[in-house]
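As structure tokens, the structure follows; a few thoughts come after it.
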Amino acid sequence: MSRSYDAMTRRQLGLTVASFAAIAAVPVATPALAADTVRHGLQIGALGALRTTLPETAAQQDIKYDYKDFRDSTSVLLALEQGELEIGNTTTQHLVRAISEGIPVRWVAGWGGGYNVLVARKGLKVTPGQPPSLKTLIASSRQAGKPVSIGVPTGSLQHAKLSVFLKSLAVDPEKDVQIANIPFPNHPRALEAGEVDLAMTLSAFGAIAIDKGDGFLFAHLFGGNFGKQEVGFIVTSKLIGDKPDFV
């Protein structure tokens, strides 16, 4: 009995090893697991192109996107930190803010950029593409008691870029100019009415003012020190450590 049992065991073992070897040699398509569902944080009403291209990517990579809408990028950051998302969209401004506040997130890919333009109202005495001309105008206008006014949604990425640009001209954005908190859709009207001298705006709204003849492009804040990626994907450092292949 003992020899018979041992012989069967050795035979079964041999067959089993051979079977596993055969299975290992055959490529097998593994189905998507629960971990392959990507909870993706997006801003309400934004990134329309992304919403249309992600399904194609999902099909190619055998993953599923579970879109979750948030009212702003700050809410996306908090949801990432709390483990409610695998990935989120944000701006470079919010990435810097997260780093400064110790939120452990990482930028893994850029999505877009080049949307930000500084448009001057018709007749403003500055030379397109020549920042020193704006610096001169700001100095003379301030001395005359009528500071240059610039429309931009305060606290936005555009506001941050405008501040960096002005500081590069040795202009204090808080003292030397007047910043008007104006939402993007109102920029063409504000330029037309002369409510502001310039608008730091999105290219679409700047184009409206330029096309109507109410303004002209002064500067395109893109590339160089301003970078080429203004919107991108972020994930937590923990996810990178735990699932690098997934990321």
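Checking the conditions here, which among Ala190, Ala160 is under 21 Å from Tyr115 (Cβ atoms), assigned to a helix (DSSP H, G or I) and either under 21 Å from the mean Cα position of the chain (by Cα) or not assigned by TED's automatic domain parsing to the domain that holds Leu217 (or both)? Quick ask: steps written out before the conclusion?
Details: Ala190 fails: either under 21 Å from the mean Cα position of the chain (by Cα) or not assigned by TED's automatic domain parsing to the domain that holds Leu217 (or both).
Of Ala190, Ala160, the one residue that is under 21 Å from Tyr115 (Cβ atoms), assigned to a helix (DSSP H, G or I) and either under 21 Å from the mean Cα position of the chain (by Cα) or not assigned by TED's automatic domain parsing to the domain that holds Leu217 (or both) is Ala160.
Would you say Val152 is crowded, with 17+ Cβ neighbours inside 10 Å, of a type in the set (A, V, I, L, M) and in contact with a Leu (Cβ under 7 Å, 6 or more places away or on another chain)? Give the derivation first.
Values: crowded, with 17+ Cβ neighbours inside 10 Å: yes; of a type in the set (A, V, I, L, M): yes; in contact with a Leu (Cβ under 7 Å, 6 or more places away or on another chain): yes.
Yes.
Among the residues of the stretch 211-246, what is the count of those that are out of contact with any Leu (no Cβ under 6 Å at 6 or more places or on another chain) and either among the hydroxyl-bearing types (Ser, Thr, Tyr) or surrounded by fewer than 20 Cβ atoms within 10 Å (Cβ to Cβ) (or both)?
Of the residues in the stretch 211-246, 25 are out of contact with any Leu (no Cβ under 6 Å at 6 or more places or on another chain) and either among the hydroxyl-bearing types (Ser, Thr, Tyr) or surrounded by fewer than 20 Cβ atoms within 10 Å (Cβ to Cβ) (or both).
Out of everything in the stretch 166-187 that is in a helix (DSSP H, G or I) and in contact with a strand residue (DSSP E or B) (Cβ under 7 Å, 6 or more places away or on another chain), what residue ends up being nearest to Ile208 (Cα to Cα)? I'd like the intermediate steps shown before the answer.
Looking only at the stretch 166-187, we keep the residues that are in a helix (DSSP H, G or I), and these are 166-168, 184-187.
Subset that is in contact with a strand residue (DSSP E or B) (Cβ under 7 Å, 6 or more places away or on another chain): 184, 187.
On the way: Phe184: 11, His187: 9 Å.
If we take residues in the stretch 166-187 being in a helix (DSSP H, G or I) and in contact with a strand residue (DSSP E or B) (Cβ under 7 Å, 6 or more places away or on another chain), then His187 is nearest to Ile208 (Cα to Cα).
Output the number of the condition that Gly155 fails; it satisfies all remaining conditions of (1) assigned to a loop (DSSP other than H, G, I, E, B); (2) in contact with a strand residue (DSSP E or B) (Cβ under 8 Å, 6 or more places away or on another chain); (3) modelled with pLDDT under 90.
Looking at each condition in turn, Gly155 falls short on (2).
Just name the residue that is farthest from Lys238 (Cα to Cα) out of those in the stretch 98-116 that are part of a strand (DSSP E or B) and of a type outside the set (D, E, K, R). Steps first, please.
If we filter the stretch 98-116 for residues that are part of a strand (DSSP E or B), which is where we start, we get 105-112, 116.
This time we only want the ones that are of a type outside the set (D, E, K, R), so: 105, 107-112, 116.
Numbers: Val105: 8, Trp107: 13, Val108: 13, Ala109: 17, Gly110: 20, Trp111: 22, Gly112: 25, Asn116: 33 Å.
The extreme case among them is Asn116.
Only one of (1) under 18 Å from the mean Cα position of the chain (by Cα); (2) at pLDDT 85 or above; (3) within 17 Å of Thr37 (Cα to Cα) is not met by Ser75, so which one is it?
Status for Ser75: all satisfied but (3).
Could you list, in sequence order, the residues of the stretch 217-247 that are in contact with a helix residue (DSSP H, G or I) (Cβ under 8 Å, 6 or more places away or on another chain), of a type in the set (Gly, Ala, Ser) and in a loop (DSSP other than H, G, I, E, B)?
Answer for the stretch 217-247, where residues must be in contact with a helix residue (DSSP H, G or I) (Cβ under 8 Å, 6 or more places away or on another chain), of a type in the set (Gly, Ala, Ser) and in a loop (DSSP other than H, G, I, E, B): just Gly227.
For a quick check of your reading of the model, give me the residue pairs whose first member lies in the stretch 224-241 and is on the phi > 0 side of the Ramachandran plot, whose second is surrounded by fewer than 20 Cβ atoms within 10 Å (Cβ to Cβ) and assigned to a helix (DSSP H, G or I), with beta-carbon atoms closer than 8 Å and at least 6 apart or on different chains.
From residues that are on the phi > 0 side of the Ramachandran plot, the pairs are Gly227/Thr92.
State which residue pairs qualify: first residue in contact (Cβ under 8 Å) with a residue 60 or more places away in the chain and inside the stretch 120-140, second residue among the hydroxyl-bearing types (Ser, Thr, Tyr) and assigned to a loop (DSSP other than H, G, I, E, B) in any location, beta carbons under 9 Å apart, and separation of 6 or more residues or different chains.
Leu134/Thr127
With respect to Gly213, is the statement that it is assigned to a loop (DSSP other than H, G, I, E, B) and of a type in the set (Gly, Ala, Ser) true? Walk me through it before giving the result.
On the way: assigned to a loop (DSSP other than H, G, I, E, B): yes; of a type in the set (Gly, Ala, Ser): yes.
Yes.
The values are calculated or read from the model by the stated rules, or taken from the named source; none is laboratory data. Source: prediction; values computed, not measured. Note that each Cβ is placed from the backbone with ideal geometry, even for glycine, and that neighbours are counted across all protein chains shown.
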